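Peer 1: Just passing along the structure, written as structure tokens.
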Amino acid sequence: MDNSVVIRPGTPHDVPAIVDFIRELADYEKALEKAVATIEQLNAALFGPQPALYAHMACDDVSGEPVGFAIWFLNFSTWRGVHGIYLEDLYVRPAARGGGHGRALLAELARIAVERGYWGVQWWVLDRTELTGSRAFYRRIGGQELREWVPWLLDGEALQSLAPSPDGPTATSLDAV
């Protein structure tokens, strides 16, 4: 790890920077219009009464300024019977890439997983990131591409349609089951 890399847990003071990083990441992934999370939402998720989301910041030790972040939460393996870490977002600003920040963030998550007896660290990567070097970086640190598991998503109108109404399930919502 580069001597100018400092990894630390996120604080409430970091939330505006985290929102900025999320928007930069969404722009990088060509989906800026989908990044609608607010400072208030992230503050509640990260630092509310029962936080279920965690953040780590990558900072330059000279300036102390955050240059990247990792947002993660716990998942659970029913087969293994223990928690794991799901890395929701990892982002390092372009000017800081290649300085060891991404590796240091992942190393910190690996340390937490080992220390707590978790089964591992898992994340998703967009197919098009092969062109940017992200997937090559993950391979270099020992990450494994899982081709046998295909992610699925239920959201928006389909989610609303499937969800039972407050009055109970409707016949149409159960027809396809």
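Peer 1: Is it the case, given these coordinates, that Arg111 is out of contact with any strand residue (DSSP E or B) (no Cβ under 7 Å at 6 or more places or on another chain), among the basic types (Lys, Arg), touching a residue at least 60 places away in the same chain (Cβ under 8 Å) and closer than 20 Å to Ile141 by Cα?
Peer 2: no
Peer 1: Within segment 101-129, restricting attention to residues that are assigned to a loop (DSSP other than H, G, I, E, B) and out of contact with any helix residue (DSSP H, G or I) (no Cβ under 9 Å at 6 or more places or on another chain), which residue is surrounded by the most Cβ atoms within 10 Å (Cβ to Cβ)?
Peer 2: Here the answer is Trp124.
Peer 1: A further question follows. Report whether or not Phe76 is in contact with a strand residue (DSSP E or B) (Cβ under 7 Å, 6 or more places away or on another chain), part of a strand (DSSP E or B), surrounded by fewer than 14 Cβ atoms within 10 Å (Cβ to Cβ) and hydrophobic (A, V, I, L, M, F, W, C).
Peer 2: Yes, satisfied.
Peer 1: Still on this structure: Examine segment 91-98 for a residue that is touching a Leu at 6+ places or on another chain (Cβ under 8 Å), surrounded by fewer than 18 Cβ atoms within 10 Å (Cβ to Cβ), among the aromatic types (Phe, Trp, Tyr) and under 28 Å from Trp152 (Cα atoms), and state whether such a residue exists.
Peer 2: no
Every number in this text was worked out from the coordinates using simple rules, so none of it is lab data. What you see is a predicted model, and the numbers here were worked out from it, not measured in a lab. Neighbour counts are summed over all protein chains in view; Cβ atoms, including those assigned to glycine, are modelled from backbone coordinates with ideal geometry.
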